[in-house]
Amino acid sequence: MCTLAAKKINGSWFLIKTRDPVPWMRIDDEIKLFDSKQDIYKKLLIQNPNSKEDGYYGGINEKGVAFTATFVPVADNQVSYIRRPYVRLILDASSAKEAIKIIESFNPKIGGNFFVADKDECYEIEGAPNEYFITKVEKPRAKTNHFLHLQYQNLQMGIPWYKKWTTNRLERAQKLIDKAENLEDLENILKDRKNSELTTAICMVKGESDYNPPTASAFVFDTGNIRTYYCQGNPLDTPFKKFDIH
C-alpha cells in the first residue's frame, strides 16, 4: 500500500513513493546497485534483501529512466509487478517510451498503478489482468491503491476503512504535489501526517493500524540528475540519503 506522485520541476521529472508493506510482505528492505554484465545499464533498485521473497519496488537506471508503482489487486490471478524480474526488465529501457513498450510486452500483464519517466516525459499506467490504461502525464499527478481510469475495483475495498484510506491519501497527495516546488517539498509529502486521526495518513506509524504496517521506506527519483533520495525506514525519523549513478 503506497502513495505515488509525479511532477516536472525545473525541467526534470521527479517520481516519489512511500512503501507501506502489507503484513504478508517483508518490512525490511535495502537499496542495491545492479551493474553486472547481464544488465544493459546500471540500475539502482529498491528491493527486499531476501532474493526469494517479494521483489523490487522501483528504480532508476543510468539513462535517467525511473519507475515507481503500487499493486492494485483486482483479481485472484493477477500478477504483481514486484515479482522478479519485471522492474529490472523495465529498467533496460533507454527512454520512458521504450519502458512503455517493455511493459506492454509482458504476458501475462502486470498489475498496479505505475509511473515511468525520463527527464522529458512521464507516463501514467494502470494495469489489470486484461488491459492497460496508458497516458502521458502533462501536469502533477498522484496515485494510491485504486484505479482512476480502468473499471476494476481493488479486492481490498471490502476491508473496513480501506476505501477512505486510499481516497484520503489520493486527495492529500494530489493537493501537495500540485504545490510542490523543490526536493524538500517532495520529501515532506512522503512524511505527511494529515488525517492521522483517521489512520489514513500518507505516512503511517507503528501501532496506528491493525491492518497496515507503518511506512517502511520512501524514495524520490530525480530523472534529470539521475539521482535517488532514499529513506530506509520511516521518513519521520530516518533521513533521506542521496545516491548518484555516474
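Values quoted throughout were computed directly from the atomic coordinates according to the rules given, and no laboratory measurement underlies them. Everything numeric here is computed off the predicted structure, so don't read it as measured data. Cβ atoms come from the backbone with ideal geometry, glycine included; neighbour counts cover every protein chain shown.
The C-alpha atoms of segment 139-246 occupy a region whose extents along the principal axes are 46, 33, 23 Å, arranged from largest to smallest.
Take every pair of alpha-carbon atoms less than 8 Å apart whose residues are at least six positions apart; their mean separation over the length of segment 4-244 yields a relative contact order of 23 percent. From least to most packed, judged by other beta carbons within 10 angstrom and beginning with the fewest, S95, S217, S36 follow the order S36, S95, S217. Put a plus charge on the Cβ of each Lys and Arg, a minus charge on the Cβ of each Asp and Glu, and nothing anywhere else: the dipole of segment 4-244 about its Cα centre is then about 80 debye. Database remark: amide H of G233 closer than 5 angstrom to the amide H of S217, A218 (H placed geometrically; neighbours at sequence offset of 5 or more, or on other chains; Pro and chain starts carry no H).
Take every Cα pair under 8 Å whose residues are at least 6 apart in sequence, average their separation, divide by the length of segment 136-227, and the relative contact order is 20 percent. Over 29 Å apart at the Cα level, from the set K42/K163; K7/K194; K63/K241; K175/K241; K119/K191, are K42/K163. Nearest 5 percent is fine: what portion of the DSSP beta bridges confined to the chain is antiparallel? In the chain, approximately 95 percent of DSSP beta bridges are antiparallel ones.
Which percent of the Cα-Cα distances in segment 63-108 go past 16 Å? Here the long-distance tail beyond 16 Å is 40 percent of all Cα pairs in segment 63-108. Label separation (D120 vs E98): 1.3 nm, computed from points 7 Å beyond Cα along the C-beta direction.
Taking the fewest neighbouring Cβ atoms within 10 Å as the starting point, the ordered list for T70, T238 is T238, T70. Stretching E208 away from F106 to a fully extended chain increases their span by 33.0 nm, per 0.36 nm per residue minus the current alpha-carbon distance. Restricting the calculation to Cα atoms, the chain yields a radius of gyration followed by a Dmax of 16.3, 49 Å. The C-alpha atoms of segment 78-144 occupy a region whose extents along the principal axes are 30, 25, 16 Å, arranged from largest to smallest.
Computed over the chain with a Gaussian network model linking Cα atoms closer than 10 Å, the most mobile of S80, S196, S105 is S105. Exposure proxy ranking for V220, V72, based on other Cβ atoms within 10 angstrom of each Cβ and starting from the fewest, stands as V220, V72.
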